[in-house]
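Q: Let me give you the structure first, and then I'll get to my questions.
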């Protein structure tokens, strides 16, 4: 058989390095660890990149897919370092990046009736590798209820509330359950959100939110205080976006901390 030339292996004379090149938006079935039942099957959307030196014309895109398929669908934050090192080796690169995002389902019991239902959360595993080493992060997007303290204070009847998305991205020193991160956020909301509520449950969560009003600033500060106290977390970003019910815009706040450099760790 006549050999087929690998065009990507040709030299490039423009002398412009590329920071990230690879594949994006590829779906792949995965199994992730589940605190209550051991594992959960879901579908993740991946982005996989490496750097490209200035004298390389292109990278080998098919190798990213081969690496993804070689892990037999068992991919976790713990397996990211091995995948990242494999990327560098097979693609002859100096730095690499993997971003994996997927829906994660937790069964929750309603607060009064106890009726059980599934609620979905968006979860991300993020890994980077370069000469400085390998770094991994976990991200959760947690939908919650927030109730406005000002509205409660000035109104004779009721207070406006809204659904909020609290996004927490953490760098971890040791394993942490996705469920633990989600519970940490929900504890600091005006009220958690549930997939299914009966009338007694609806009464309960309405009154609970009224008794726990939170500005968007309160939300990120209270979650940040909990993250500061969590020894397994070395750095974090916490964001809250409140989808306002009486305005045509969102309220937003963000706190970002590296605990190693801000004196938050003993």
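The values are calculated or read from the model by the stated rules, or taken from the named source; none is laboratory data. The model shown is predicted, which means the values in this text are computed figures rather than measured ones. Note: ideal-geometry Cβ built from the backbone for every residue, glycine included; neighbour counts use all protein chains shown.
Q: From the residues in region 60-86 that are exposed (fewer than 13 other Cβ atoms within 10 Å of the Cβ) and in contact with a helix residue (DSSP H, G or I) (Cβ under 9 Å, 6 or more places away or on another chain), which one is nearest to residue 10 (Cα to Cα)?
A: Here the answer is 66.
Q: Sticking with this structure for a sec: Only one of these conditions is not met by residue 202: (1) without any contact (Cβ under 8 Å) to a residue 60 or more places away in the chain; (2) farther than 25 Å from residue 43 by Cα; (3) not in a helix (DSSP H, G or I). Which number is it?
A: (3)
Q: Okay, next question. Sort out which residues of region 147-171 are buried (at least 16 other Cβ atoms within 10 Å of the Cβ) and either farther than 30 Å from residue 127 by Cβ or out of contact with any strand residue (DSSP E or B) (no Cβ under 6 Å at 6 or more places or on another chain) (or both), and write them in order of number.
A: Result: 147, 148, 152, 159, 161, 162.
Q: A further question on this structure: Anything in region 89-100 that is out of contact with any helix residue (DSSP H, G or I) (no Cβ under 9 Å at 6 or more places or on another chain) and crowded, with 17+ Cβ neighbours inside 10 Å? List them, or say none.
A: Within region 89-100, 99 is the sole residue that qualifies.
Q: Among the numbered criteria (1) over 19 Å from the mean Cα position of the chain (by Cα); (2) over 24 Å from residue 135 (Cβ atoms), which single criterion is violated by residue 219?
A: Only one criterion in (1) over 19 Å from the mean Cα position of the chain (by Cα); (2) over 24 Å from residue 135 (Cβ atoms) is unmet by residue 219, namely (1).
Q: Of the residues 107, 66, 94, which is farther than 19 Å from residue 125 by Cβ, modelled with pLDDT of 90 or more and part of a helix (DSSP H, G or I)?
A: Of 107, 66, 94, the one residue that is farther than 19 Å from residue 125 by Cβ, modelled with pLDDT of 90 or more and part of a helix (DSSP H, G or I) is 66.
Q: Here is a further query. Restricting to region 9-59, name every residue that is under 15 Å from residue 105 (Cβ atoms) and surrounded by 15 or more Cβ atoms within 10 Å (Cβ to Cβ).
A: The answer is 30, 31, 32, 33, 34, 40, 42, 44.
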